[in-house]
Structures are given as C-alpha cells and as structure tokens.
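A short write-up of the structure that comes next.
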Amino acid sequence: MNNPFSGVGVALVTPFKKDMSIDFDALRKLVQLQILGGTNFLVVQGTTGESPTLSQEEKMEILKTVIDENSGKLKVVYGLGGNNTHAIGELLKSFSFNSKVDGILSVSPYYNKPTQNGIIEHFKYISSCTELPIILYNVPGRTGSNMLAETTLKLADIPNIVAIKEASGNMDQIMEIIRLRKPDFGVISGDDAITMPLIAAGADGVISVVANAFPEKFSQMVNASISGDLDSARKEHYDLLAITRMFFEEGNPGGVKVALAQRNIMQEFMRLPLIPVSEKLRERILKETELILSGK
C-alpha cells in the first residue's frame, strides 16, 4: 500500500461556543477555509482538536460534520490512538466510517512508556484491526516515550502502515528514517517550525497546526519546498516563523484559535484543563495575524 498522504495536512481545531458545546457552524467554516486555502488533507481529532475532552459521541459527530462539509474534496484522516491497545483495536473494528475516511492517525502509546518492542507489538495489533492506511504518530513530548528510527522502519514493513508523522524534533532521527525508508513510506513533519527544512531533506509534507489559520500561505511554503523552489519556500517559512512560535508559546490550540477568531471563523473558547492565552500574548498574535493577512 503506497502512502496517499503528502503536502499539507491540517490538524483541525474543535470550535466551541461560550457554553462549551461544539460549534458545528464554525467547524464547517473552518473546513471551507481549508478547501479554499490549498490544504491537501484534513486530520480530525488529533491533539489540536482537544480530543481528550470530547466524548466518543462528540468525536463521531465532528467527523460526520467534516465529512459532510468536505463533500469528498480533500482526503480525511481520523485520529484514533491510545494506550489501551485492545480497546483501540475494538474501536477500529467497529468503526462505521471506513468508506468515507481515507486513513487513521495513531499516536504511539502514552503514559505507559512501553519498550520499543512494546510499541511494535501495539501497532502490529491495531494494524490488523483495520484495512485503512495508518499514519504512525511519534510525539515524545506528549507521550513520554520516543519511537526510535529503527522501530519506525520495522513498522513500515506492515502493508497498511504507510507513513509517520514525526514530531520528535530530532532532525538526525527523522533524516535517518528518510535515508533508510522504503520508497513508498511517507515521512510527514509534525512540527510546523521545521517543516521547510525537513521537506528539503526529503520529507513528504506536514500535519500542521498553523495551517488552520493560514492555509493559503502555509500551502505556498510547502508546495514551494516540495517543488525545490527553496527561495520562495524560505520567504514563506520566515514570514510564518514568528506566529508559529507564538501559537505554541502557551500551549496548543489556544494561540491558533486567537488567529481564527480574528479571521471570523470561530471563537477562542477551549475546554478545561486548557485555558485561553494570556492577554499579552493574545495582543501579539492579533498584531502578527494582521500583518500576515495584509501581506506586509
């Protein structure tokens, strides 16, 4: 199975109303922004979507809404991972959207801190529970354990494991995967700030937070990087670097929701334990967002 995911994927945020119910109208507006902005695929229920605070029923309703609004225009990836291997397997077996979802993003088991062999056995099992393509997700800053390059390369031999979203921030490790991978295995950046240099090193794209708010500019950067137009790619990269840092300064997705509110897509509300960014940071994000949207 070849990797069908390249270019710009967007880890969609979940919009909330003041009463903390899901704002489905805003979600539809966000999907339209991505379709018009040059995004290649949508990722529903990643960390950026505040998935730990949502019920299973809410997650399914969000996925249903995204699929409906997208109307088949972009590929859709659903985030489904965890630290209870058999429970994830059962969810995959009973997943009712197989014909309308193009792939699964599955995070390496968190909190348990399994060995590398434990990680391999985890993904072997869940890959046997679905025929959908699976994107591995390595994010040791959140999971508490790192998937080594050797582990990723072993898992790449499983037919329906087609790519990895690498958010270790370890350039040496990621380049080792790129160097030794088989030709049809995808390497996708999980860090907005290093996406351009990673694509220059051979990565295939990104699953982005920043592109929620700036899909047009982020897509230009990624497309220029992929085509080898590094002068244009560098310009877009550095234009976005300051706002990228701001978005993650007080955690995610508080920062990007400020910019999305400025674009009249949604409000800034988040469910506890996440809280809005500080007023000082908010003012900086608003100012930088205005500069980016004005093209200055």
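Conditions (1) surrounded by fewer than 17 Cβ atoms within 10 Å (Cβ to Cβ); (2) over 12 Å from the mean Cα position of the chain (by Cα); (3) among the basic types (Lys, Arg), marked per residue:
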| residue | (1), (2), (3) |
| --- | --- |
| VAL8 | no, no, no |
| GLU57 | yes, yes, no |
| LEU63 | no, yes, no |
| ASN98 | yes, yes, no |
| VAL101 | no, yes, no |
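Taking residues in segment 282-296 that are closer than 17 Å to TYR238 by Cβ and in contact (Cβ under 8 Å) with a residue 40 or more places away in the chain, and partners anywhere that are β-branched (Val, Ile, Thr) and in a helix (DSSP H, G or I), the pairs with Cβ atoms closer than 6 Å and at least 6 places apart or on different chains are GLU288/ILE243.
Going by what's in this entry, would GLU90 be described as buried (at least 18 other Cβ atoms within 10 Å of the Cβ), over 16 Å from the mean Cα position of the chain (by Cα) and either within 24 Å of ALA213 (Cβ to Cβ) or not polar (S, T, N, Q) (or both)? In short, no. Any residue at all in segment 153-160 that's under 24 Å from SER208 (Cβ atoms) and out of contact with any helix residue (DSSP H, G or I) (no Cβ under 7 Å at 6 or more places or on another chain)? Within segment 153-160, one or more residues are under 24 Å from SER208 (Cβ atoms) and out of contact with any helix residue (DSSP H, G or I) (no Cβ under 7 Å at 6 or more places or on another chain). Pairs please, first residue from segment 36-54 and closer than 13 Å to GLY7 by Cα, second anywhere and aromatic (Phe, Trp, Tyr), Cβ atoms under 7 Å, 6+ apart in sequence or on different chains. Note: pairs meeting the criteria are PHE41/PHE5. Taken over segment 271-284, the criterion of being more than 18 Å from PRO15 (Cα to Cα) and among the hydrophobic types (A, V, I, L, M, F, W, C) is satisfied by LEU281 alone. Examine segment 216-224 for a residue that is crowded, with 17+ Cβ neighbours inside 10 Å, among the β-branched types (Val, Ile, Thr) and within 17 Å of the chain's Cα centre (by Cα), and state whether such a residue exists. Checked against the condition, which is being crowded, with 17+ Cβ neighbours inside 10 Å, among the β-branched types (Val, Ile, Thr) and within 17 Å of the chain's Cα centre (by Cα), segment 216-224 yields at least one hit.
Coordinate-derived values only; no laboratory data. Here the structure is a predicted model, which is why all the values come from computation and not from measurement. Every residue, glycine as well, gets a Cβ built from its backbone with ideal geometry; the counts of neighbours run over all protein chains shown.
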